[in-house]
Amino acid sequence: MVARAAARLWLFVLAGCVAAGSGGVAVAADPALVPSFADSFRIGTSGPVCEAQAVAAGAARRSIFDRRWALLCREVSRPIGSAWFSRDGTLPVPGQGLDEPVDCVAAGVARVAGIENALVRNCRGRTSGLEYRSYSRVGERGAFVVAGLAAYDSALQLALRSLVADRVVPGEIVAASLGAGGGSGFYAAKAQAADAANLIGQGYRRNAAGDYAEAAQIFSAVATSIGAGEADSPARRHELTINHALQVSNLGQFDQSAVIFARARTMSGLDPVQARLGRNFEAIDALNRGDLAAVPRILARPVPAATAGIVAGDGTVEIDAATAEGLSTGTAADLAAILGQRVRLTAAERVEILDAQAESLRGTALRLSGNLPEARSALLTANRRALAVRDGRVISVTRLRSQILTEIAETFEAQGDLAEAERLLREVEALVAAQYPDSASVNAARARLAGFMARHGRKDEAHGAFRALVAGAIGNRDALVGMSHLIQPYFAMLTDDGATAPGDLADLLLASQLVERPGAAATLSQLARELAGGNDAAAALFRRALAVSRDIERNRIQLARTANSGLDRAALVPLLASLTDERQRLDQAQLQLASQLSAFPQYRAVARGYVTLDELRATLQPGEGYFKLVTLGERTYAVLVTPTGGRGWRVARSSSELAALVTTLRESISVTINGVRSTYPFDIDNNLTLSEALLGPARADLTGITHLVFEPDGAMLQLPANLLVLDTTGVEAYRSRVAAGGDEFDMRGIAWLGRKTAISTALSAASFRDARTAPPSKAARVYLGLGQNQPLGAVTTLPGVRGASMAGGTAADAGCDWPVATWNQPIAATELKEAAGLFGKGRSDLMTGAGFTDTAIEGRTDLADFRVVHFATHGLVTAPRPGCPARPALLTSFGGTDSDGLLRFDEIFNLHLDADLVILSACDTAGGASLEATREAGVTSGGGQALDGLVRAFIAAGGRQVIASHWPAPDDYNATERLIGGFFGSETGGSAGSVAAALQRSQLALMDDPLTSHPFYWAGFAIVGDGERPLHVR
């Protein structure tokens, strides 16, 4: 299993090894980035991420040396400014390169660090009223000018300093940040600034550097521009199609990747390059799937012969004279960079690189099959062929060679030649660090070398190397995406002795936070950031800025879909024009909001995405513990932190075994067979096995904890921790009762973890820290209950569980609509009415029956007036049928013509709540949303994981805490009504305590009732957020 996981990462990187083959820079760049030569360069080194993207200077160019750049920042979808270099010292007209005409005052002396004789002009946009600033400096080399939004003044100054020094000058950008991390809008802006070939090359280079998420967004932006008719060609469409297929394959969605690859094979007119690219990508897909036997068959497929200009034989390559002329040295590439042009490989050279890659893939398959001698022979051949193309001075060849040498090192290590294996791994590190400094690929190379040292007894060296890697990743705000098998030896080392030493525990906690978390974690931190401003006007601006960012992403998706809708041109043109106009309005609104937010210092700081051990301990209160799981491939690690102690351990079951145990338990709690949901006797034996694996080493530590903050990972994202068993005392009594003929569903007396410990679910350590410090709701009223939709036809008998009609359904509407019968089994409003009655009419309100419509909810302007928002309705969290994406929604009544009877995932994001608590008393509301649904909602991160569905949407809407369900909410024995009623009853009755304690007390009542003591009735609801916060309902 480890070998297969290693192959998947290794091969994903290989997808980016043909950058030059797609129009990228052919000659390897200088290790130190030189802005005047680069396609793009980072502005500054901290704060919001901004870049300078080279663009065509057009008619303004006065000499071959003149250049122009667009200045782009991650969270803004349009350039925030532009930069110019003029060799003859001519300054552009004030305001040139900006989005609107400006009026400027006379230039004055500028104070820019490290630059003398700089001038500054302050300007104002004639249309928008936005403030702009322009800096200029004329020297011996020529004239430099940087102009843009005054709100990004620090970025403008850093861009000028970097251009004048011709190196990236370190420094912090001080500007408004939403903490959203940017997204496709940023890459769409790059696509508008640069030509498609340029951007594809950047995408491949990001892939080669290990920045996989960025690469995917770049390819998506290019696909959108091509869909709109820009730079279209059969070759480019094919390349983007197989790129999409490989991305899907790397996510493990092999059925979908097979369909996409099959579609790519039907595309006509494939040239030798594209045919080989498709062949290689399919071989990578086969390796991802673990189908080693398929690799040689795929690589043996016939492909068109290479074009003239190249002669390949026994590993050598001869490039024709026309190709070699002017390209055999770096001079041509350097001149091309100055001109803002690109040196391209010939088609024959690209073919040779792709054939070298194919040989390396064959070698990988042989190595994974255990045939080490043949594997090494194939890999050495691949290395020679790659080196023969321009002496290896090609970006894609550098990356390909690093992968080949890594594979060769694996063969030497397997045969016991450790010295040669280490030599090759160090050569790989040097190669990657020279080409991609401070990149994810460097992290991977260093982790691979550190793992080698750990495997062979050099633990001190390995520990130091891993610690430096983690420190560097945290400093760059990176995540160790796709590196689970490489970082795993570090976790093993730290947990060998229980990680009880403060240094080991601190290192383990930091490393664990670099593993990717559900997108809901970032959403909760955004909400805390919004609420922490302490200023209603600032918070309102922050919300509007987030909403506009989502609208821009939605517009981008709609534009791409419209462009590829197949409509005739007469119908297409006005639709595209309307969407383009809308985009321009949204872009302008975003710039306005970014400028206004910059006036508030609290939004100019970039929130840290991690916490240290000391910070987490200081955040925890006496009697609390933070319990975190980390899944790394087939291994899972646990970290427990208390205010004064803690430990770490390796879970004594593989990730696959944990997943099987969780599935077995869920199926004994609630399972659907032929459209009917059923509950079986709880599988206590497998629960004990799971509990021992997860909690065994920390039983003594957990005994004294009264509130446990649980951050799940892997399979445990789908199971609440409260049903784990801390000791087996009650289990033996239960077994004896059952053996004597007692009721298997009567599980009273079992020492569930949730019996003595209140539990809440954290999304990440950083989001927990942020949630704990967020101020409470300012709402004047207590409670809003929503539910009991109006049926469309005759109401059938209420099901035993909420969501039963969703399990199977009968005749489905066309497409992916839900069956009409879905609306004909409404949930009674009993629990809503009982809760509202506890607070009185003046402090509560209800929306039920015909008034409970999606349009009515969206139209309410007083949603932020309620501290508790409670839905009791059907939750639609799965796809209505196979082949449809999961688009989570809550079922409502139908309203007017704009109503679809669903409060959808994307609509929930746009609600404005100020709630201490949102309760989702519905089916499986702790589930996820598909990547497609997430992007449709305008959210550019996360998706595809549990808790990234309705929970995330309601956090974004303004819910500090969300109570959500892991399975259908039971109606039998009035279990859910009693649970919710007991929860509110304990609060209104004057009992002191937290949200988590109130829920625990209510669950205890069900645990102790023989009719509802099965976990199905009491354990399904989990608090996501900081359960220790008071509810403030009295």
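Laid out as a table, the results:
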| quantity | calculated |
| --- | --- |
| Qualifying residue in the stretch 761-780 (condition: buried (at least 16 other Cβ atoms within 10 Å of the Cβ) and either modelled with pLDDT of 95 or more or among the β-branched types (Val, Ile, Thr) (or both)) | yes |
| Residue within the stretch 259-281 that is without any contact (Cβ under 8 Å) to a residue 24 or more places away in the chain and among the acidic types (Asp, Glu) present | no |
| Helices (runs of 4 or more DSSP H) contained entirely in the stretch 368-478, each with at least 1 residues that are more than 23 Å from Ala358 (Cα to Cα) and modelled with pLDDT under 90 | 418-435, 440-455, 459-475 |
| Residues of the stretch 808-832 satisfying the condition of being modelled with pLDDT under 80, of a type outside the set (Ser, Thr, Tyr) and over 35 Å from the mean Cα position of the chain (by Cα) | Ala811 |
| Residues of the stretch 731-752 that turn out to be without any contact (Cβ under 8 Å) to a residue 60 or more places away in the chain, under 20 Å from Asp701 (Cα atoms) and surrounded by 17 or more Cβ atoms within 10 Å (Cβ to Cβ), as a count | 0 |
| Top-ranked residue of the stretch 632-665 - restricted to ones that are farther than 19 Å from Phe768 by Cα, of a type in the set (Ser, Thr, Tyr) and in contact with a strand residue (DSSP E or B) (Cβ under 8 Å, 6 or more places away or on another chain), ranked as surrounded by the fewest Cβ atoms within 10 Å (Cβ to Cβ) | Ser654 |
| Unmet criterion (only one of (1) farther than 19 Å from Cys923 by Cα; (2) touching a residue at least 12 places away in the same chain (Cβ under 8 Å); (3) part of a loop (DSSP other than H, G, I, E, B)) for Ala864 | (3) |
| Test result for Ala836, touching a helix residue (DSSP H, G or I) at 6+ places or on another chain (Cβ under 6 Å) and part of a helix (DSSP H, G or I) | no |
| Considering residues of the stretch 68-105 that are of a type in the set (Ser, Thr, Tyr) and within 37 Å of the chain's Cα centre (by Cα) only, the residue surrounded by the most Cβ atoms within 10 Å (Cβ to Cβ) | Ser77 |
| Pair list, Cβ under 9 Å, 6 or more apart: the stretch 570-582 residue in contact (Cβ under 8 Å) with a residue 60 or more places away in the chain, other residue surrounded by 10 or more Cβ atoms within 10 Å (Cβ to Cβ) and in a helix (DSSP H, G or I) | Leu576/Leu559; Leu576/Thr562; Leu576/Ala563 |
| Filter pass, Arg517 being under 30 Å from Ala440 (Cα atoms), of a type outside the set (A, V, I, L, M) and crowded, with 19+ Cβ neighbours inside 10 Å | yes |
| Residues of the stretch 363-400 satisfying the condition of being of a type in the set (D, E, K, R), over 15 Å from Glu410 (Cα atoms) and under 35 Å from the mean Cα position of the chain (by Cα) | Arg393, Arg399 |
| Leading residue by the ranking (surrounded by the most Cβ atoms within 10 Å (Cβ to Cβ)) among those in the stretch 884-926 that are closer than 22 Å to Arg529 by Cβ and among the β-branched types (Val, Ile, Thr) | Val918 |
| Val295 being more than 27 Å from the chain's Cα centre (by Cα) and either modelled with pLDDT under 90 or under 19 Å from Leu368 (Cα atoms) (or both) | yes |
| Output for the stretch 692-741, where each listed residue is out of contact with any strand residue (DSSP E or B) (no Cβ under 8 Å at 6 or more places or on another chain), of a type in the set (Asp, Glu) and not in a helix (DSSP H, G or I) | Asp727 |
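A quick yes/no check of all residues on (1) outside any helix (DSSP H, G or I); (2) small (Gly, Ala, Ser):
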{"residue": "Leu505", "(1), (2)": "no, no"}
{"residue": "Leu508", "(1), (2)": "no, no"}
{"residue": "Ala511", "(1), (2)": "no, yes"}
{"residue": "Val515", "(1), (2)": "yes, no"}
{"residue": "Ala521", "(1), (2)": "no, yes"}
{"residue": "Leu524", "(1), (2)": "no, no"}
{"residue": "Ala540", "(1), (2)": "no, yes"}
{"residue": "Arg543", "(1), (2)": "no, no"}
{"residue": "Arg554", "(1), (2)": "no, no"}
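The values are calculated or read from the model by the stated rules, or taken from the named source; none is laboratory data. Owing to the predicted nature of the structure, the values given are computational and were not obtained by experimental measurement. Please note: Cβ atoms are built from the backbone with ideal geometry, for glycine as well, and neighbour counts cover all protein chains shown.
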